[in-house]
Each structure stands twice: as structure tokens, then as C-alpha cells.
Amino acid sequence: MTNPSLTLEGVSFFLPDGKPLFSDLNASFDARHTGLVGRNGAGKSVLARVMAGRLAPAAGRCVRTGEVFYLAQQVQTDAAGASVAALAGVQAALDALMRIEAGDGTPEDFDALGERWDLRQRLQAELERCGLGHLDPQAPAHALSGGETMRVALAGAALSQTDWLILDEPSNHLDGPSREALMRQLQRWPKGLVVVSHDRRLLDTMTRIVELSATGLRSYGGGYALYAGQRGQEEADALALLERRKLERRRAARALSDQRERAERREAQGRRHGREANQAKILLDRQKAHSESTAGKLRAQHTAAREQLDLKVREAAMEVAGDARIVMRLAPVAGMARRWIAELDDVVLPHAPPTTRAIRLALHGQQRVGVTGANGSGKSTLLKVLAGRLAPLAGRCSVRVASAWLDQRLTGLAPQRTAIEQMREANRTAGEDALRTRLAQLGLDARKLAAPCGALSGGERLKAALACAIYADPPAQLLLLDEPGNHLDLPSLQALEAMLCDYRGALVVVSHDEAFLESLELTDRLEATSAGWQMTPL
């Protein structure tokens, strides 16, 4: 298949309560590498599954040429006996090859293998290219880390003879080198590719960006940088149009009011002249009926004009509403001079590899540290020790200020309770209206506030957890964030960046997203290396 194509024709999908997730989507996809973006809850993952043929639309159809390799956000490795080769999608073919080589092959084995006689060598080469050459294809998949799981699955995608790759957030659990390897791997892919992602560096390697919103699908040529520039201009144009429509409505309302007042004055003047001229009652009644008819027509014209003006304002507001910025307002953190607030004195971290097990670290109140390193190097363990959630094997950990810790799984957020309940528990001094307003500014409306946190999307749960942390009483003077951007859409990620830049307490953030880290005005980088922890001032 040299020219893969995928077309959405009037595709719609409805939630269990009957509300539309998206409606009447029409778009065409070809061999151009495409990044699919949109706000959390817009339906990107559902649309990806529809495009991959894993989910049937409620209306319309998806027409595609060729086979599809689909990779979900969470790669399943818990199937009984699942191996590395099975995760890569080649276990059945390798088993067939082994039987053929042993002289026990059946016609079905030859069909399963096809022309892939060098499959074993190709799998090994692809694993080495992904930095996983040490893995045994028959090793159990459940022993892999999250990053290794994703990389093996992507190696399988590269080995497949499919015409389409449809990948949902493939870089979420990858460390920096693995993300670079992913981008190189996808750039080599010669066929159709659709990637759901909020990874700006990955999106910048795409040929075009397609945005899913309440108004449908909109295509932008070029990578993320060009898309961001065009969207920024569109947002400015939408705001300008809304202001023009509001101004037109105010001017028209004044003109209509003046016209109505003039008509009422003429009508009153006519009645007064009629009485003064002592006209017959039948003539006065006829004049009154004519005036009432004229006034009624004028009122109908004014009502129609106002409705038309209101419609134009609503249409302009809808364009702006979809672009409304998420707002995060932090309470000021007082007394954060350059005093020492945390210290790790000859600490030995549990569960960390030998190279990064020992650490000495001191943090002052204005320090902003980005923590990087390979998966499994002890970054999350370091944050748990600082947060007091894990005791060091040796040494002393001292934190002298209130801190807030958000781990990748958001374990501090009770799934069976609502966000507003947990906000009230974190802050008993603020009124409920104020707490609801702060949650609404994060994009959590009344319907989301009434639902248990376990029913929210990953991005919505992170927003709720952030609100419980940053709006606590007293506010945290040390924020410990472990991959906070993993489940955020791009507008929310940018809002988080802006919030953290305004934060005046100390910050320690673990992330593999270089674009995110570069935006945070860090003072230091703490890297887990083969020679131990290396702190570098910036």
C-alpha cells in the first residue's frame, strides 16, 4: 500500500447519557504524519479508536485503506504468559518459525510467517535501535517498566507490515532518550501516521496538526510551532470579533431605543392633536388602531433586530469559549527568603539503583529544581522521601516547611470522593463558593464537581489534585511534582507552566518533557547519571 487513506464521513459518537462527544466529523487523512490535539474530554482517544476500527461510531462511517496498528495509552502486559515478543506482536510468527526450523511446520505456520524469514534478526535489530537489545524476546512482559513496555510495543509497530500507525500518547511514560528514539522511529515511518499527543517536541515533527474541538476538526499545516502561531492569531481574532459584535449590539440598542422614543412621541403628539381638534370618536379610534398597529410592527422589528444581534454575539462568544484559558491563581507564599527549607544528609534511597542510591541535597526557599534521568533511576523515590511518604534506608531527611506532593498515579486523591469534598478538607477557611470558583477556573464545571474523582479523566483528576495542593490552608511552600504534565492537554499544560512560573515557593519537579522544563524558569537541574546525582546551576 503506497498511498494509505482514511476518511471520516459524518462521524458522531454519543456518551452513555446520550450527550454527543463529537458530531458530524468530516476529514481526510493521508500519508502525511498527523498530530491530533484537543482539550481533555474532547474525545481524542475515542476518535483514535474509531479511526483504528476498535470502536464503531454512533453515526457516519470511517473509510480506510490498508491495515491499522493501534497503540492505546495503557499497553496491557498482564495477559497470562505474555512475552516481550507477544507485546511486539510477533510471538505467533516466531513460534511458527521455530516449528518450521525444527521440521514440524504446518501450512498454517508458513502462512503465519509469510516472507518474514529474518523476523528474529529484525526484532533484535529493532530492540537494539530502541535501546532494549538486552531483552530476551521470550522474557515475561509484566517485568518491564512502563517506558520499556511502550518502547517494545513501538518496536512491534515498526516491524509490522501495516499501512497505518494510530498511537495514543505514545511518549507519556518515556524518559528523554526514549522520547528522542521515538521521534527518530516515527520520522522513519513511510506510511500513514496519526499521533494523539500533547508532547510539543513530538508534535513539532509532524507534517500537520489536526485539532478536535466542540466545533469539529480543523487542520493546520506544519508542526506544533506553526499550529501554535496560527491558533494564537485565531484566538486574538475571535476575541476582537466578539468585542466588535458587542459594540455593534450596544450601538444598535441605542439606535433602536431612540427610534422607539421618537415613535412614542409622535404617537402621543397625534393623540393630543386629535383631542384638541375635537375629532369624532370614530376617527380617534381609527387613529388609535393605526398607531397600535404601527407600534406593534415596530416592536416586532426591534425584537427581530435584537435577536439577530444577540445571535451574532453568541456565535462570536462560542468561538472564544472554546479557547477560554484555564486559570490557576495561587495564594502568596510568605517569608520565602533564601533560607534553607529542606535537607537530605547522606541519605540512602530505597529501591534506587546503586549509582543513584546515595544523595546529599539542600534546598532553599527560592530554588526551582528540574529532576531528570532515565526511567528507574530513583527520581520518584527521591520525591517520596522529600514528601515524607518513604523513609530513607540511612541518613537524615529534614523538611522545615509545609509541602505538597503529587505522584504520577495521584494516590493522594480518593477516587470515591468528589473534588469539592477533598478541597473542603484541604482548606476549611475558604467558603464553598470560592472553592468551586477555583475549581471552575481549572476547567472543572458543576457536573464534574458532583462526580467521584475516579470517574474523571486523567487530566481532570490531575486538575483536582493540583487544586487540593495549591489551594490548601496553609499553602505549600514546597511543591514536589512527579511528571505533572502526563495527563494534561496543551492549554492546561501551558496554564500549569504559567502557574508554576508565578509560584514563589520552592519547586522540585520530575519530568521528561524538555519543553515543559524549559518554561519553568528553573534555577537548577538535578540529573540521575551513571556517576550519581549531579546538580547543575542554570
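The values are calculated or read from the model by the stated rules, or taken from the named source; none is laboratory data. Computed from a predicted structure; not experimentally measured. Please note: Cβ atoms are built from the backbone with ideal geometry, for glycine as well, and neighbour counts cover all protein chains shown. SASA here: full protein model, heavy atoms, side chains in, ligands and nucleic acids out. Shrake-Rupley method; radii C 1.70, N 1.55, O 1.52, S 1.80 Å.
Here are the numbers for the structure shown:
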{"item": "Stretch gain in nm, segment Q230-S5, where the contour uses 0.36 nm per residue and the Cα spacing is subtracted", "result": "78.4 nm"}
{"item": "Between helix 91-101 and the chain: long-axis angle, C-alpha atoms, 0 to 90°, nearest 10", "result": "30"}
{"item": "Label-point gap, in nm, between R184 and S398 - each point 7 angstrom along Cα→Cβ", "result": "4.6"}
{"item": "Neighbour cut-off at most 16 other Cβ (10 Å), DSSP loop, GluC sites (Glu not before Pro), the range 6-110", "result": "E67"}
{"item": "Label-point gap, in nm, between R428 and R409 - each point 7 angstrom along Cα→Cβ", "result": "3.0"}
{"item": "Nearest 10 degrees, 0 to 90: helix 146-159 Cα axis against the chain principal axis", "result": "90"}
{"item": "R0 of 25 Å, Cβ-Cβ distance A143-D95: FRET efficiency to nearest 0.05", "result": "0.80"}
{"item": "Rounded to whole Hz, the Karplus (6.51, -1.76, 1.60) HN-Hα couplings of the range 513-521, x for glycine and proline", "result": "8, 5, 4, 5, 4, 5, 8, 8, 6"}
{"item": "Rounded to the nearest 10 Å², the accessible area of W117 at probe 1.4 Å", "result": "120"}
{"item": "Label selected from [x] 3, 14, 21, 22, 16, 9, 6, 4, 3, 2, 1, 0, 0; [y] 4, 17, 26, 24, 16, 7, 3, 2, 1, 0, 0; [z] 4, 17, 28, 28, 17, 5, 1, 0, the criterion being P(r) over Cα pairs in 10 Å bins from 0, in percent as computed here", "result": "[x]"}
{"item": "Coil-residue GluC sites (Glu not before Pro) of the range 110-173, DSSP, other Cβ within 10 Å capped at 10", "result": "E115"}
{"item": "Apportionment of accessible area to carbon and sulfur, the range 60-209, percent (1.4 Å)", "result": "50"}
{"item": "³J(HN,Hα), Karplus 6.51/-1.76/1.60, whole Hz, each residue of the range 443-458, x for Gly, Pro", "result": "x, 9, 7, 4, 5, 5, 5, 7, 8, x, 4, x, 8, 7, 6, x"}
{"item": "The range 212-269, accessible surface, carbon-and-sulfur percent (1.4 angstrom probe)", "result": "49"}
{"item": "Amide N proximity, the range 237-263 versus T303 label position 7 Å along Cα-to-Cβ, cut-off under 12 Å", "result": "none"}
{"item": "Rounded accessible area per residue of the chain, 1.4 Å, Å²", "result": "49"}
{"item": "Set of lysines with alpha-carbon distance to K297 below 22 Å, sequence-local pairs under 8 removed", "result": "K288"}
{"item": "Portion, in percent, of the accessible area of the range 423-464 that falls on carbon or sulfur, probe 1.4 Å", "result": "46"}
{"item": "Contour excess over end-to-end distance, with Cα ends at E128 and V348 and 0.36 nm allotted per residue", "result": "76.0 nm"}
{"item": "Degrees separating the helix 432-441 axis from the principal Cα axis of the chain, which is the longest one", "result": "70"}
{"item": "Electrostatic dipole magnitude of the range 93-190 [Cβ: Lys, Arg +1; Asp, Glu -1; Cα centre; debye, to 20]", "result": "400"}
{"item": "Förster-model FRET efficiency, 22 Å R0, A56 and R447, C-beta, rounded to 0.05", "result": "0.25"}
{"item": "Extended-chain gain in nm, criterion 0.36 nm per residue less alpha-carbon gap, Q74 and A531", "result": "161.3 nm"}
{"item": "20 Å Cα-Cα reach of K312 towards lysines, excluding residues that sit fewer than 8 places from it in its own chain", "result": "K246"}
{"item": "Computed accessible area, V196, all protein chains, 1.4 angstrom probe, square angstrom", "result": "0"}
{"item": "Mean ellipticity per residue at 222 nm, deg cm²/dmol - from DSSP H runs of n ≥ 4 across the chain, formula -39500 (n - 2.57)", "result": "-13500 deg cm²/dmol"}
{"item": "Note, ³J(HN,Hα) from phi for the range 340-351, Karplus 6.51, -1.76, 1.60, rounded to Hz, x at Gly and Pro", "result": "6, 10, 8, 8, 10, 9, 6, 7, 10, 7, x, 6"}
{"item": "Residues with amide H under 5 Å from that of F14, placed H, sequence gap 5 or more", "result": "L21, A58"}
{"item": "Of K191/K379; K379/K448; K19/K379; K44/K191; K379/K463; K44/K384, pairs whose Cα-Cα distance is over 30 Å", "result": "K191/K379; K379/K448; K19/K379; K44/K384"}
{"item": "Solvent accessible area, Å² - T429, 1.4 Å probe, full protein context", "result": "110"}
